[in-house]
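> Once you've had a glance at the structure underneath, I'll fire off some questions.
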C-alpha cells in the first residue's frame, strides 16, 4: 500500500491510498475540478476511485466531496454527524467499527479523535500484515490514539502549528484558543511527543508524512527544529503541501 496527497492544509485536504486493489480517497476539501486536475498529475482519473472516506465535516475536508462523488460515482463513507453537512448519499460508519468497501479487502478502522466536529474520526488501513494510518485534525494525543496508530508501516500525521508563531500571530484570540485547545490541532511539540511514544513502543514507520502544516503559523524549518534527531531512523520522511501534489510514498508490501 502507498499514500499520496493532493493537498494538505487549512485550504483543502485530500489524500489517496493505493491499496493494491484500487484507490481510496480520504477527504476532499479541494473543489472537484481541482481534485481531478491534481489526480491527473499522478496519471489518475476519478474513475479510478473505489470510494471516498470522510473524516469530519469541516469545509477543508468535505468542500468537494459531494460534487466529486456525483462525478465519479464512488460511494461515500462517513459518520452520521459528519454526513449532516454532505449533499450526497452516504454509507454510515461508526468509530471503532471496522468495515471494508466493495472491491477491496483492506480492513478500514475509523478511530475516534478529539476534535471540534460532530463524530470526527481518522483512519487506519490494514491488509494482511501491513498497516497504514492517517491522523490529522485532533487537539490531543490520547492513549487510545497512541494504541490505534502504533504499528503503522506508513503514517501521515499532522504537525499543524508552532505554538510561538500562533500565539504571536494575527489570528483572533478566539481562533487561537480553539487551535491550541484540546479539541483543536496538534502543535509541533505535540506531534513530536506522539512520535516519541510510538517509537518507544518499537513502532517506527517506514514512511512518515508530516501534513496539515499551517502556512500562517508554522514552517517546515520549525517542524524540523522541533523534531530534531527524533526521526533519524525513519527510512522516508516527507512533508505534504497545501499547493502541490505529494507523489506516492514508497510502497509497503506484505513480507
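> Could you point to the label whose value was computed as Cα extents along the principal axes in Å for the structure here, given (1) 45, 44, 34; (2) 51, 44, 36; (3) 53, 40, 34?
(1)
> Quick check on the chain: helices-only [θ] at 222 nm, where DSSP H runs of length 4 and up contribute -39,500 (n - 2.57) each and the sum goes over total residues. Nearest 500, please.
Mean residue ellipticity at 222 nm (helix-derived): -7000 deg cm²/dmol.
> Would you kindly calculate the mean projected area, averaged across all directions, of the convex hull enclosing the Cα atoms of region 27-115, in square nanometres?
Mean shadow area of the hull around the Cα atoms is 5.8 nm².
> Going by a ≥ b ≥ c, the root eigenvalues of the Cα gyration tensor, does region 12-54 fall in the rounded group (a/c under 1.5), the prolate group (a/b larger than b/c) or the oblate group?
Oblate is the answer for region 12-54, as a/c is 1.5 or above yet b/c matches or exceeds a/b.
> Looking at the chain, send over the antiparallel percent of its DSSP beta bridges, to the nearest 5.
In the chain, approximately 50 percent of DSSP beta bridges are antiparallel ones.
Values quoted throughout were computed directly from the atomic coordinates according to the rules given, and no laboratory measurement underlies them. Computed from a predicted model, the values in this text were never measured in an experiment.
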